[in-house]
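**Q** Dropping a structure here in structure tokens format, bear with me for questions.
The values are calculated or read from the model by the stated rules, or taken from the named source; none is laboratory data. Remember, predicted model here, so these are calculated numbers, not experimental data. Heads up, the Cβs are rebuilt from the backbone with ideal geometry, glycines too, and the neighbour counts pull from every protein chain shown. What goes into the accessible areas is simple: the full protein's heavy atoms, side chains included, and nothing from ligands, DNA or RNA. Shrake-Rupley method; radii C 1.70, N 1.55, O 1.52, S 1.80 Å.
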Amino acid sequence: MYSLIRHGRSSTHLQKWRHLRVSVKLVENAFAFSNSFSSAIAANVSSRDGQKGKNFTVSYLVDSLGLAKKVAESISRKVSFEDKCNPDSVLSLFRSYGFTNSQISSIITDYPLLLRAAAEKSVGLKFKFLQSRGASSSELTEIVSTVPKILAKKEGKSISRYYDLVKEIIEADKSSKFENSCLSLPQGKQENKIRNVLVLRELGVPQKRLFPLLISACGVVCGKEKFEESLKKVVEMGFDPTSSKFVQALKVVYRTSDKTIEEKINVYKRLGFVVGDVWAMFKKCPEFMNNSEKKICQTFETLKKCGLLEDEVLSMFKKYPQCIGLSEKKIAYSIETIVGLGFTRDEFVEMVKCFPSCLNLSVELVKKKIEFLVKEMNWPLKVVVSNTSILGLSMEKRIVPRCNVIKALKSKGLLGDRGNKLSPITSVLKSTDQDFLKRYVSNHEDKELVAELMAILTGDHVS
């Protein structure tokens, strides 16, 4: 094991698993697809009713914790509330125990369900219990900030055991004596956890990805031989230990038997993939291997009903394996939204083929972006179809700021040779920050204009 670690640390790129690198018509009218999912669309009505709570949650998180709007929106999909009474109590409790605003923001981002917990009766009791066992204020804030989900453990032996584990690993991490720490530990389940986490740390896995493994129910770091065998496979596949995919792959390999993996590979082969395709998709998204045979075939057929040919579905799976896990309801809702904005179903198919991950984006956010680009900026729908990847760009950080610069230049007739005609969407939204600045901001001789445009771009402009 430790020779494996030393090899992993000295190599820039870990070797790939060579023996796994082997070469391994429209059926319905697209309009019929809509009817077959009418009940799924109706189910989304109730989700819209909760939008008020989500909007309040987003505003609260931005105002109270200073979170970016995009982060707040992501959290609101996991937890939402319509008044600030309980969240305020939770945040006040954290502050009373010495947590900084930065630590609290990080904790809530990692474990947003805390905002719905009983402040004194749940979280507060756990803090008091840990302090009664000798935890200092600095230790308490450091460890809870590092592993927020430790607060999900029951008060008593459970939270105490995990707290001690995390504390010991943090201390060993700070000493930088990973291998000596591993070799000096006695045998046992808890000792295996510490040893295995330290092994991963020495291999280069970031600390923030390690501690969730300690409190995870999957038991990846509990064993010894099986852990070593699984880790060896993941390393030999060439996963980067510093990436989140490394831990994802380790979980999948550890929990999935060779027989189950072989069965799933056979499912993909029957659909038209070769073995090499399957492992290439695994490298892109390890968790795609968790999909059942029923789910794989269901998504395959659903996309065919959308209007994609079999070869196009195969290509889409290879490009974006995450789409295999999408629900029929999600796909149906995406179609209804896109068509409702004026696109044809053929255009929807083209958009999905060009940018498969558009199906995994928030439907409401996609609608907001398209309406902004088409209705406010006046770019034609066909431009969005041919540049679907722009839907993956941040509304707040890129789309709106850059478009505001273009609107300002257009109003002044300063869009170069184009005068007051709209610039191509590719040069506005797809260009790098440096190219955008050169083309639309810093190229003007009027320094006051440059300053004005920079203020608009960075959000410092007062309208």
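**Q** So for Glu142, Glu293, what's the accessible-area order with a 1.4 Å probe, most first?
**A** Working: Glu142 65, Glu293 100 Å².
I get Glu293, Glu142, largest accessible area first.
**Q** Something else now. What aspartates and glutamates sit close enough to Lys251 to cross-link, taking a C-alpha to C-alpha distance under 20 Å and skipping anything fewer than 8 places away on the same chain?
**A** Here the aspartates and glutamates satisfying the reach criterion relative to Lys251 are Asp110, Glu191, Glu202, Glu225, Glu228, Glu229, Glu236, Asp240, Glu262, Glu263, Glu287, Glu293.
**Q** OK, next. Taking 7 Å along the Cα-to-C-beta vector as the label spot, tell me the Ser411-Glu396 distance in nanometres, rounded to one decimal.
**A** 2.3
**Q** Rank by packing, highest mean first: peptides 133-140, 242-249, 192-199, with packing defined as the count of other Cβ atoms within 10 Å averaged across residues. The partial results should precede the final answer.
**A** Details: 133-140: 12.9, 242-249: 18.4, 192-199: 22.4.
Highest to lowest by the protection proxy: 192-199, 242-249, 133-140.
**Q** What nm distance separates the two modelled labels at Ser389 and Leu361, each placed 7 Å from Cα along Cα→Cβ?
**A** Taking the simple label geometry, Ser389 and Leu361 are separated by 1.3 nm.
**Q** Let me ask something else about it. Order these peptides, 285-292, 299-306, 368-375, by their mean beta-carbon neighbour count within 10 angstrom, highest first. Spell out each step's value before the answer.
**A** Details: 285-292: 18.1, 299-306: 20.0, 368-375: 16.4.
Going by the mean number of other Cβ atoms within 10 Å, highest first, we get 299-306, 285-292, 368-375.
**Q** Would you kindly state how much longer the chain becomes between Ser315 and Met454 on full extension, computed as 0.36 nm times their sequence separation minus their alpha carbon distance, in nm to one decimal? Could you put the intermediate results ahead of the total?
**A** Values: separation 139, 0.36 × 139 = 50.04 nm, distance 4.14 nm.
The span from Ser315 to Met454 would gain 45.9 nm if fully extended.
**Q** Given a 1.4 angstrom probe, what's the average accessible area per residue across region 266-354, in square angstrom? Numbers along the way, then the final one.
**A** Values: 3580 Å² over 89 residues.
On a per-residue basis, region 266-354 sits at 40 Å².
**Q** OK, next. Set the Förster distance to 25 Å, then compute FRET efficiency between Asp88 and Leu125 from the Cβ-Cβ distance, nearest 0.05. The partial results should precede the final answer.
**A** Details: r = 19 Å, r/R0 = 0.75.
E(calc), rounded to 0.05, equals 0.85.
**Q** I would also like to ask the following. Mind checking which aspartates and glutamates have their C-alpha under 17 Å from Lys447, skipping anything on the same chain fewer than 8 residues away?
**A** Output for Lys447: Asp460.
**Q** Please compute the contact order of region 278-375 in relative form: average sequence separation of alpha-carbon pairs under 8 Å and at least six residues apart, divided by the residue count, as a percent.
**A** On the way: 71 pairs, mean separation 27.4, N = 98.
Relative contact order for region 278-375 comes out at 28 percent.
**Q** Ignoring ligands, DNA and RNA, what percent of the 1.4 Å accessible area of region 264-331 is carbon and sulfur? Working shown, then result.
**A** Numbers: 1360 of 2780 Å².
For region 264-331, the apolar C and S fraction of the accessible surface comes to 49 percent.
**Q** In nanometres, what is the gap between the two model label sites at Asn404 and Ile261, each 7 Å from Cα along Cα-to-Cβ?
**A** Computed distance between label sites Asn404 and Ile261 equals 5.0 nm.
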